[in-house]
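Notes follow once the structure below has been shown.
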Amino acid sequence: MAAGRTTRVLLVTSAMRRGGAQAFVQLLLEKLDRKRFEPHLLITSDEESEYPIPPDVVTHRLDGDAARLPRLVLDLGDAGQPGDQADLGWVAEEARRIAAAVRAVHPDVVFTSPEWTTVIVAAGASLFPADTRFVGRIDAPASVAFPEQGVGSVLRPVAARYLRDADTLVAVSHPIADDLVAAFAVPRDRIELMRNAVDLAAASAMAVEQIEPGVFEDGVQSVLYVGRLNRAKGLDYLLRAFARLGAGRTARLVIVGDGEYGVFLRALAVHLGLSDRVHFAGAQVNPFKYMARADLLVLPSLSEGLPTVLVEAIDLLANRVPCEAGVALVVAIVSAMKNQSTAPAMVILGDLSIQGNIKA
């Protein structure tokens with residue numbers, strides 16, 4: 001790269017819906033020093049962005065001419081099984097289309113997030129320009145995201161074969177880095193640790209904004225969840241656990257977020273008789289004002305890497321924002337109700353460290 005020239009960085013993600021991985025991408029787009037970096041964004045789906053994209057960032061879609069590239073055949077080696085090539089044809093085609101977009105932009109660095117996107121992009125990295133470096137972010141334990149059976153297992157042989165070929169993999173915690181080495185033979189010297197970042201100034205300013213009436217009630221304990229409404233977040237277990245508190249308890253559950261599980265969760269709340277004790281606030285541009293007023297923040301996820309919402313909550317407290325919220329990692333709800341332990345993980349939040357299996 002010539003002296004004085006800015007580094008062109010292409011950030012690649014599947015969608016800019018509200019979530020921890022996407023929040024990190026948005027923060028990079030906003031905060032990268034324009035004197036040193038020229039950020040571009042490639043969104044691989046047709047979904048509209050739920051985050052504001054800085055006006056100077058060029059946004060790309062998968063409309064490049066992949067036909068000019070050679071057909072991509074996945075070389076799975078010992079990681080593959082007979083029939084994998086047929087089952088994973090869509091991965092090869094998606095990786096090829098992304099590679100075509102990368103070649104059109106010709107960045108100095110490709111940065112991918114979350115881990116599903118990282119694995120697919122890794123499969124086509126051999127088609128990148130020779131001088132383009134590939135950096136992939138891993139937000140959750142790869143052995144959990146790509147298990148031997150179940151959801152995500154289809155990508156396990158791709159992850160096992162191609163993750164180790166990245167120039168650098170960014171892990172959000174030490175156990176995730178250890179998992180990459182143990183489960184996918186990624187060389188340790190290719191892994192960097194980068195925890196989730198929070199824009200404290202912006203979060204602190206937003207935390208003191210007014211909140212709509214009727215969400216929190218005086219004299220009623222408030223329990224808050226902030227995040228996507230999907231199966232992995234364990235919200236059905238949270239609702240069932242909340243129902244066990246009994247109607248006599250003066251507690252109210254506030255759920256901030258949206259997602260494919262929203263209709264099901266609303267119906268479940270009605271079924272459990274929680275209509276007057278659960279408030280669905282929907283997707284919110286400013287979740288911090290809710291955190292600043294809740295008594296308890298819960299995260300009942302089935303698996304997490306480094307949850308951004310907990311980093312945000314701890315940082316708000318540490319930054320002395322007027323805030324009464326306690327922070328609870330309620331993975332134990334899942335363990336207790338399913339009678340099984342959760343996946344090993346580690347959360348490092350300022351001076352708070354939680355390591356290993358968290359059980360009731």
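Being surrounded by 16 or more Cβ atoms within 10 Å (Cβ to Cβ), of a type in the set (Asp, Glu) and closer than 13 Å to Asp139 by Cα is the filter here; which residues of segment 179-204 pass it?
Asp179
Of everything in segment 150-184, what is of a type in the set (Ser, Thr, Tyr) and without any contact (Cβ under 8 Å) to a residue 24 or more places away in the chain? Give them in sequence order.
If we filter segment 150-184 for residues that are of a type in the set (Ser, Thr, Tyr), which is where we start, we get 153, 162, 168, 173.
The answer is Ser153, and nothing else.
Name the residues in segment 73-91 that are open to solvent by 10 Å² or more (accessible area, probe 1.4 Å) and modelled with pLDDT of 60 or more, would you? Outline the logic, then answer.
Narrowing segment 73-91 to residues open to solvent by 10 Å² or more (accessible area, probe 1.4 Å): 73, 75-87, 89-90.
If the condition is that a residue be open to solvent by 10 Å² or more (accessible area, probe 1.4 Å) and modelled with pLDDT of 60 or more, then Asp87, Gly89, Trp90 are the ones that fit.
Filter segment 205-217 down to residues that are over 14 Å from Asn286 (Cβ atoms) and open to solvent by 80 Å² or more (accessible area, probe 1.4 Å) and give me whichever is modelled with the lowest pLDDT.
Keep residues of segment 205-217 that are over 14 Å from Asn286 (Cβ atoms), which gives 213-214, 216-217.
Still in the running and open to solvent by 80 Å² or more (accessible area, probe 1.4 Å): 213, 217.
Working: Pro213: 85, Glu217: 81.
Only one residue tops the list, namely Glu217.
Among the candidates Tyr237, Tyr162, single out the residue that is farther than 27 Å from Arg133 by Cβ and of a type in the set (Ser, Thr, Tyr).
Working: Tyr162 fails: farther than 27 Å from Arg133 by Cβ.
Only one candidate qualifies: Tyr237.
Checking the structure you have, find out if any residue of segment 156-171 is open to solvent by 10 Å² or more (accessible area, probe 1.4 Å) and under 18 Å from the mean Cα position of the chain (by Cα). Working first, answer last.
From segment 156-171, those open to solvent by 10 Å² or more (accessible area, probe 1.4 Å) are 156-157, 160-162, 164-165, 167-168; that's our starting set.
Still in the list and also under 18 Å from the mean Cα position of the chain (by Cα): none.
No, segment 156-171 contains no residue that is open to solvent by 10 Å² or more (accessible area, probe 1.4 Å) and under 18 Å from the mean Cα position of the chain (by Cα).
With Leu239, Leu265 as the choices, which residue is outside any loop (DSSP other than H, G, I, E, B), closer than 30 Å to Val25 by Cα and either modelled with pLDDT of 90 or more or open to solvent by less than 70 Å² (accessible area, probe 1.4 Å) (or both)? Give the derivation first.
Details: Leu239 fails: closer than 30 Å to Val25 by Cα.
After ruling out the rest, the residue left standing is Leu265.
Can you tell which of Leu229, Leu245 is closer than 14 Å to Val278 by Cβ and open to solvent by less than 20 Å² (accessible area, probe 1.4 Å)?
Numbers: Leu245 fails: open to solvent by less than 20 Å² (accessible area, probe 1.4 Å).
Testing whether each residue is closer than 14 Å to Val278 by Cβ and open to solvent by less than 20 Å² (accessible area, probe 1.4 Å) leaves just Leu229.
Quick one: would you say Arg252 is in contact (Cβ under 8 Å) with a residue 24 or more places away in the chain, open to solvent by 10 Å² or more (accessible area, probe 1.4 Å), under 28 Å from Ala292 (Cβ atoms) and in a strand (DSSP E or B)?
Numbers: in contact (Cβ under 8 Å) with a residue 24 or more places away in the chain: yes; open to solvent by 10 Å² or more (accessible area, probe 1.4 Å): yes; under 28 Å from Ala292 (Cβ atoms): yes; in a strand (DSSP E or B): yes.
In short, yes.
Does Ala281 meet the test of being in contact with a strand residue (DSSP E or B) (Cβ under 9 Å, 6 or more places away or on another chain), of a type in the set (Gly, Ala, Ser) and outside any loop (DSSP other than H, G, I, E, B)?
Yes, satisfied.
Cβ-Cβ distance below 9 Å, separation of 6 or more or different chains: which pairs start in segment 260-281 with a residue that is under 10 Å from Leu239 (Cα atoms) and end on one that is charged (D, E, K, R) and in a loop (DSSP other than H, G, I, E, B)?
Once the first residue is under 10 Å from Leu239 (Cα atoms) and sits in segment 260-281, its partners that are charged (D, E, K, R) and in a loop (DSSP other than H, G, I, E, B) give Ala269/Arg277.
Give me the pairs, please: first residue somewhere in segment 185-204 and at pLDDT 85 or above and part of a loop (DSSP other than H, G, I, E, B), second residue anywhere and open to solvent by less than 40 Å² (accessible area, probe 1.4 Å) and not small (Gly, Ala, Ser), beta-carbon distance under 7 Å, and either six or more positions apart or on two chains.
Qualifying pairs under 7 Å: Val186/Leu163; Val186/Leu169; Val186/Leu180.
Looking at segment 134-147, can you tell me whether even one residue there is surrounded by fewer than 22 Cβ atoms within 10 Å (Cβ to Cβ), within 21 Å of Ala21 (Cβ to Cβ) and free of Cβ contacts under 8 Å to residues at least 24 places away in the same chain?
Looking for residues that are surrounded by fewer than 22 Cβ atoms within 10 Å (Cβ to Cβ), within 21 Å of Ala21 (Cβ to Cβ) and free of Cβ contacts under 8 Å to residues at least 24 places away in the same chain, one finds at least one in segment 134-147, hence yes.
Name the residues in segment 106-127 that are more than 25 Å from Lys233 (Cα to Cα) and either modelled with pLDDT under 90 or buried (at least 19 other Cβ atoms within 10 Å of the Cβ) (or both), would you?
Initial filter on segment 106-127 (more than 25 Å from Lys233 (Cα to Cα)): 106-111, 121-127.
If the condition is that a residue be more than 25 Å from Lys233 (Cα to Cα) and either modelled with pLDDT under 90 or buried (at least 19 other Cβ atoms within 10 Å of the Cβ) (or both), then Pro107, Val110, Phe111, Val121, Ala122, Ala123, Gly124, Ala125 are the ones that fit.
The values are calculated or read from the model by the stated rules, or taken from the named source; none is laboratory data. Everything numeric here is computed off the predicted structure, so don't read it as measured data. Cβ sites come from the backbone with ideal geometry, for glycine too, and all protein chains shown count toward neighbours. The area values use the complete protein model at the heavy-atom level, side chains included, leaving out ligands, DNA and RNA. Shrake-Rupley method; radii C 1.70, N 1.55, O 1.52, S 1.80 Å.
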